[in-house]
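Visitor: The structure is given below, and queries will be raised subsequently.
Each reported figure results from applying straightforward, stated rules to the coordinates on display, with no laboratory input. If you're wondering where the values come from, they're calculated on a predicted model, not measured in any experiment. Cβ placement follows ideal geometry from the backbone for every residue including glycine, while neighbour counts extend to all protein chains displayed.
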Amino acid sequence: MELKKVNNMSSNLICEEMKEQWEVFLENHERFNKKQVKAAGSRARKAINELKKLASKYRSTCLAESREI
């Protein structure tokens, strides 16, 4: 899953991308823990890092949107 550009995305679109990244994380986390697949651990960490970036962007976007209301 490739992270989409979030520069001009609404908070709703960022939220959808966060949901997708969360699913990627859960899938790979389970594979790492249950099947001991090292590559799945790397993918899980990558997904969590992307979630961190999206959460930061969501916060600033949501704040900007609330100021426009």
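Visitor: Test of understanding: in a Gaussian network model of the chain with alpha carbons linked when under 10 Å, which of ALA47, ALA39, ALA55 would top the mean-square fluctuation ranking?
Guide: For the chain, modelled as a Gaussian network with Cα springs under 10 Å, the answer is ALA39.
Visitor: Okay, moving on. Helix 38-68 against the longest principal axis of the chain: what's the angle in degrees, Cα atoms only, rounded to the nearest 10?
Guide: Rounded to the nearest ten degrees, it is 10.
Visitor: Here is a further query. Can you list the residues, at least 5 places off or on another chain, whose amide H is less than 5 Å from the amide H of VAL37, using H built in the peptide plane?
Guide: Amide H neighbours of VAL37: PHE32.
Visitor: OK, next. Under 17 Å from a point placed 7 Å out from the Cα of CYS15 along the Cα-to-Cβ direction: which residues of the stretch 45-69 have their backbone N that close?
Guide: The answer is 54-69.
Visitor: Before anything else, pin down the relative contact order of the chain: Cα pairs under 8 Å, at least 6 apart, normalised by residue count, whole percent. Don't jump to the answer; show the numbers that get you there.
Guide: Details: 52 pairs, mean separation 25.5, N = 69.
Dividing the mean separation by the residue count of the chain yields 37 percent.
Visitor: On the Cα set of the stretch 4-67, report Rg and Dmax in Å, please.
Guide: Cα only, the stretch 4-67: 13.7, 47 Å (Rg, Dmax).
Visitor: Also, quick follow-up: Just to be sure I understand the model, the point goes 7 Å from the Cα along the line to the Cβ. What's the resulting GLU68 to LYS38 distance in nm?
Guide: 4.7 nm
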